[in-house]
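Since the structure comes first, as structure tokens, the remarks are kept for the end.
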Amino acid sequence: MNNQKCSTLYQKPGGRTRIIQCIYVVGFMDLFGVSMIIPLLSHHVKALGASPTVAGVVGSTYGILQLFSSTIVGSWSDVVGRRYSLLTCLLLSALGYGLLGMSSSIALFVLARIPVGLFKHSLSICRALLSDLVSEAERPLVMGHFNAASSVGFILGPVVGGYLTEHEGGFYTSSFTCAVIFLANAGLVLMLPWSETLIHRKDTNSNNSNNDTSKGCHDGNCRKSVLNGSHANSHRPVSPAETEPGSRAAPRWREVSLLQPAWRQLSSVGSKIHTVASSDMWDLFLVRLLMAIAIMLYYSNFSLAMEERFSLTPKVTGYLISYSSTLGALAGFLVGPVTQLYGNNMAALLLHSTLLTCLLIFLYAAAPSVAQVLVSSTFFAISTSIGRTCITDLELQRGGVQASGTLIGAGQSVTAVGRVLAPLLSGLAQEFSPCGPPSLGVLLALAAVGLLLVRIPKWDGRGRTKKNQNAE
């Protein structure tokens, strides 16, 4: 029993499959609606009479709120459950986009961005929910498909938003349409077959048979239920009647209510955040930060650099960006096969994808022709898509699915820090050369590669430091 690897049995696989497919749809519609609005925000705030400085401050409101709220909302989803937290985020985001559709002044525009900045974490909660529903081996494949579906929505959204903008009151129409999309997503989440999913895990580990079984599943059996998307762990032996394929035993759920005292929710959220903050995961978060900034520097002045270096028109540059974005979306379907090719060795895959990304940024910065830019953009979209999935999977492996919402939220907060720093670094680097931002990105990516080369030998097969594992 102790040498048996983790296995996951689903009492009703059809219910789980339907939830996963519906979450793909939610991810697609989410970014489809958001991408209808993003290209229009700066034009609208300037049309309201804002100066460039005020427009910049207003534009940064969303990023700052996301920076501080990502980890908190993710941890809150661990406490109250995925269903309640996802519904809350979708409904409040719909409220924000609805207010945006009525923003006739800068003050109302800022007010509309507050609920979106605080609660637009639906994609993070969807990823946490998917990690609850699938086994570790399935997770990269499912996450890749989810990222692909979301990316397709992000590609198609601007097309529809641009078309609506050509008509009178187009921005307001796009905003209300986005609000309706989020309401439709909330309705879809509400109708998901939550009650049909029951997960039985035999959580044993061949490397830590004594410690892991005592901390994990007693007698090699435990029940992990997903109701409202929460993973309520009930560490009690599961009766044979419940685990037999033909069993008709009704699943017993542990309800997690939004109506529990606020102080208890805050205490639980704080405890989970403290656990992640005090864990030995600084290396993964630092790699995420370095690569986030490097990738943003690659894109930061892409249009301007193409014009200055190769005299490309904005139209041709737009086609090149669309081509790269499409490949990035399709690359999500490659994550599963590539992971299997690596034997689920996510640390090695992360190292190789990071090294490839570094090389491709260098080729772009030193490209003597548009053809070389096209080649680097082709593989860059693939390597970054795989790298994002790898780093998320390693964070979940090390931190455990019991805090998946907190971990994914913390990762998004780290990425938000990169969004704040990248424009500043890009502006400074462009003072020297149009190739300055990607050149700085190469240095940051090299630092990430060096960090991985130093840290990976200290990790075990699950991305945890061997010292910590032995201490347990």
Inset, instruction - Take the stretch 91-198, drop everything but the C-alpha atoms, weight them equally and run the Debye formula without solvent; then report log10 I(q)/I(0) at 0.11, 0.22 Å⁻¹ to two decimals. - result: -0.46, -1.26
Inset, instruction - For the stretch 1-153, evaluate the Debye formula with one uniform point scatterer on each Cα (no solvent term) and list log10 I(q)/I(0) at q = 0.10, 0.19 Å⁻¹, rounded to two decimals. - result: -0.44, -1.18
Inset, instruction - Please say if the stretch 337-447 is rounded, prolate or oblate, where rounded means a/c under 1.5 for a ≥ b ≥ c the square roots of the C-alpha gyration tensor eigenvalues, and otherwise the choice is prolate for a/b larger than b/c and oblate otherwise? - result: oblate
Inset, instruction - For the stretch 55-196, give the percent of accessible area contributed by carbon and sulfur heavy atoms, probe 1.4 Å, rounded to a whole number. - result: 74
Inset, instruction - Sort the stretch 21-71 into rounded, prolate or oblate with this rule: let a ≥ b ≥ c be the square roots of the eigenvalues of the Cα gyration tensor; rounded if a/c is under 1.5, and if a/c is not under 1.5, prolate when a/b is larger than b/c, oblate otherwise. - result: oblate
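The values are calculated or read from the model by the stated rules, or taken from the named source; none is laboratory data. Here the structure is a predicted model, which means the values were calculated and not measured. Surface accessibility is based on the protein's heavy atoms, side chains included, excluding ligands, DNA and RNA. Shrake-Rupley method; radii C 1.70, N 1.55, O 1.52, S 1.80 Å.
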